[in-house]
1. Measuring from label point to label point, each 7 Å out along Cα→Cβ, what is the residue 283 to residue 236 span in nm?
2. Placing unit charges on C-beta atoms (Lys and Arg positive, Asp and Glu negative, everything else neutral), compute the dipole magnitude of segment 9-52 about its Cα centre in debye, rounded to 20.
3. With no solvent and one equal point scatterer placed on each C-alpha of segment 128-270, evaluate the Debye formula and give log10 I(q)/I(0) for q = 0.09, 0.15, 0.19 Å⁻¹, two decimals.
4. Could you work out the relative contact order of segment 9-52? I mean the mean sequence separation of Cα pairs under 8 Å and 6+ apart, divided by the number of residues, in percent.
5. Can you give me the relative contact order of the chain as a percent, contacts being Cα pairs under 8 Å and 6 or more apart?
6. Using Cβ counts within 10 Å as a stand-in for footprinting exposure, how do 100, 319, 172 rank, fewest first?
7. Suppose the chain between residue 32 and residue 327 were pulled fully straight at 0.36 nm per residue; how much longer would it get relative to their current alpha carbon spacing?
8. Compute the FRET efficiency between residue 74 and residue 201 as 1/(1 + (r/R0)^6), taking r as their Cβ-Cβ distance and R0 = 22 Å, and round to the nearest 0.05.
Amino acid sequence: MSSKVFVSAQEVAERAGVSRSAVSRTFTPGASVSASTRKRVLEAAEELGYHVNHLARGLMRNESGIVCLIISDVATPYRSALLRELTQQLQNAGKIAMLINTDRSDGSVDRALQQAIRYRADASVILSGHPDKSITQLCLRNGQRLVLINRDDDQLGPLKINLDDDESGGRIATAFVRAGCRKLAFANSEAGTPSLMGRERGFLAMAAELGMNVIVERYGWTGYEAGKVLAQRMLTRSDRPDAVFCATDLLACGFMDAARHQFGLSIPEQLCIAGFDDIEQASWSSYNLTTFAQPVSQIAAHTVEWLSRPQEDAGEHSIKLKAELVWRSSIRGG
């Protein structure tokens, strides 16, 4: 079994009959090199199967071009959509996206950041958990830039991108009341992330302003099965709600299926439901769910634009975006 051998720039120089620096200039955008030299170098590179080692070149400038994406629940529709957008925009910017799949614990995020330091990543984008401040500061001291997406963190240094989840919760509470609903409920998981709790907080605050009490139930992790359990809990109550805001679309889909198939309720005539994320399933005719669309393209664009600035010119460190309300037929009048 033969081992893989990489062709060096020196070998290309010897084959082309030029200097090593001429090979480097040929593969450096904007560098000065004569047309004849460029032709000889490119022909030699083609014959030998030479490829520029961008990682080595970057490390000579103290840059690797690597951006670590630290994430859990990769298979969930929203996370996979955000991951797809981030990787595409990072690649378009000439960066290397490295995925580190974590569990939901803060400890696993700390270990992932330490791994990113060992790989000499230029930056890490954290989509899961709350890294310990000492680990965050270690990354910053090592010159690594950090982007926190939908994380609650008051540290200076990282770029923080969050949604105005409180505002979204308030809008849905108002929509339910305008639809004639009088018994409101909020279905959440026990994950307790800043974004989920912000939606709950905004929903409760607006409901109180409108003179409404709210039933709140939390169960498990943020998925379809948890939505079914939450429906069983809420819809067997004597004060059964007639409107439920689910913290995510996956919860809402599970809730809707249980409401219709186990309790025989008609949506939206007997029960209005809203979700959050605008995953693909939300638009399916079996759900047709009113929800909020996560601005994944904007999140990715802000991330890449900030990482592309010189570190000393990074500037703004906190961005708040709004989710767009997508009206469908799971709320009366929607």
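1. 3.7 nm
2. 220 debye
3. Computed log10 I(q)/I(0) values: -0.34, -0.76, -1.05.
4. Normalised by residue count, the contact order of segment 9-52 is 44 percent.
5. Details: 597 pairs, mean separation 44.9, N = 334.
It comes to 13 percent, rounded to a whole number.
6. With the fewest neighbours first, 100, 319, 172 line up as 319, 100, 172.
7. 100.5 nm
8. 0.20
No value in this document is a laboratory result; all are computed from the given coordinates. Quick caveat, the model's predicted, so the values are computed rather than measured. Please note: Cβ atoms are built from the backbone with ideal geometry, for glycine as well, and neighbour counts cover all protein chains shown.
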